[in-house]
There are 2 protein chains.
Amino acid sequence: MKTWKTLERKTILNHNKFLRVENHVVQLPNGQIIDDWSWVVTPDYVNVVVETEDGRFLCFRQYKHGVGGTSLAPVGGHLEPGEEPLAAAKRELLEETGYEAEEWFDLGSYVVDGNRGCATAYLFLARQASQIAEPAADDLEEQELIFLSRDELEKALAAKEFKVLGWVTAVALALRYLG
Amino acid sequence: MKTWKTLERKTILNHNKFLRVENHVVQLPNGQIIDDWSWVVTPDYVNVVVETEDGRFLCFRQYKHGVGGTSLAPVGGHLEPGEEPLAAAKRELLEETGYEAEEWFDLGSYVVDGNRGCATAYLFLARQASQIAEPAADDLEEQELIFLSRDELEKALAAKEFKVLGWVTAVALALRYLG
């Protein structure tokens with residue numbers, strides 16, 4: 001299938017380091033031109049489903065402004081400029097929980113919005129995790145670290161307790177991977 | 001956990017019917033005020049994993065500007081103003097494929113961005129689908145309707161051929177539901 005041509009791209013909002021908006025003038029394969037295609041740029045991020053050495057899953061119960069309440073969440077955070085996704089995943093795991101993991105599995109990278117881009121989500125499963133330090137997270141949100149058994153993780157997913165798209169995806173793909 | 005207070009919200013970009021941006025002044029439980037919290041408003045949407053009467057799965061191979069190439073995709077689209085998610089799912093299925101389905105299962109609704117909102121994704125599994133009309137979609141993108149066996153769907157998911165976050169989520173959750 002033929003790709004669309006981006007004839008022009010212009011930043012129309014530079015809000016802060018978390019959000020920039022572009023206007024794209026795009027041309028479709030049939031020649032049609034759309035002169036106001038919205039393109040959103042937010043930071044790429046990682047989410048990591050973490051299984052400890054004794055088979056428990058590390059999660060947070062966390063307040064999120066986007067949810068307007070609390071949700072279960074896997075480990076995660078934004079990539080630093082120039083940072084590789086796997087390095088970001090290991091950094092976030094250490095910062096948020098003080099854990100490191102021996103085995104890492106790539107669950108894929110996915111575009112957040114198929115039309116407007118927004119960001120790329122890099123998802124991982126980390127196994128054989130053990131604590132080597134105290135957490136040192138500087139997140140704004142209140143959060144509580146909890147440990148779930150495999151059965152509890154399955155039930156929390158089914159009960160829709162992971163309320164953010166990247167998080168439910170990471171958990172569903174990790175459980176598929178674990179079989 | 002205490003919720004953040006939104007002290008002020010103001011539209012700072014009204015790009016078109018697909019994108020509006022707000023600035024929020026928010027107050028954290030510890031009293032800290034953040035005066036430039038980005039809030040993105042894009043249309044809520046549905047994605048539907050559709051299984052036909054004879055056990056095949058309806059998918060599209062589709063060009064998407066956000067991907068910059070082609071991806072496998074389930075049925076999906078934006079909610080019309082005031083439209084219920086299930087009604088939108090049935091409408092999109094009929095418009096895009098000419099099919100209707102007897103059995104519908106709610107796979108949950110998820111916030112696209114836990115910080116900035118963006119939209120809510122409503123995910124469904126539809127079973128016992130059969131064709132009752134010709135497709136009447138008016139999507140801008142080139143797309144090809146394809147039928148996958150259960151095994152082919154599992155393999156396409158594992159091969160990361162669903163490249164958009166909402167799509168991979170819908171497929172992973174539907175396959176979990178089908179067991």
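None of the figures in this text is laboratory data; all of them are computed from the coordinates on show. Just so it is clear, the model here is predicted, and its values are computed rather than measured. Because the Cβ atoms are built from the backbone with ideal geometry, glycine has one as well, and the counts that use them run over all protein chains shown.
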To the nearest 10 degrees, how steeply does helix A:165-178 sit against the main Cα axis of chain A, on a 0 to 90 scale?
50
Measuring nothing but label to label, 7 Å from Cα along Cα→Cβ, what are residue B:10's distances to the other copies in nm, shortest first?
2.4
Under 15 Å from the Cβ of residue A:13, count the other residues' Cβ atoms, weight Lys and Arg +1, Asp and Glu -1, and hand me the total.
+4
Partner lysines for residue A:5 [C-alpha distance under 21 Å; skip if fewer than 8 residues away on the same chain]
B:64, B:163
Which of A:92, A:152 has the fewest other C-beta atoms within 10 Å, and how do the rest follow up to the most?
A:152, A:92
Pick out which of B:48, B:112, B:26 has the largest mean-square fluctuation in a Gaussian network model of chain B, springs linking Cα atoms closer than 10 Å.
B:26
Taking only Cα atoms and a 10 Å spring cutoff, compute GNM fluctuations for chain B and point out the largest among B:81, B:29, B:135.
B:29
Gaussian network model of chain A, springs between alpha carbon atoms under 10 Å - residue of A:121, A:88, A:159 with greatest fluctuation:
A:159
In whole angstrom, the spacing between the Cα centers of region B:79-148 and region A:2-31 equals 26
Inter-copy label distances at residue A:139 (7 Å, Cα→Cβ; nm, one decimal)
3.4
Net charge near residue A:102, counting Lys/Arg +1 and Asp/Glu -1 over other residues with Cβ under 15 Å of its Cβ?
-3
In square nanometres, what is one fourth of the surface area of the convex hull spanned by the alpha carbons of region A:33-179?
10.0
Filter the trypsin sites (Lys or Arg not before Pro) in region B:1-50 down to the DSSP loop ones having no more than 13 other Cβ atoms within 10 Å, then list what survives.
B:2, B:17
Relative to the other copies, what are the label-point distances for residue B:91, with labels 7 Å from Cα along the C-beta vector, expressed in nm at one decimal and sorted shortest first?
4.4
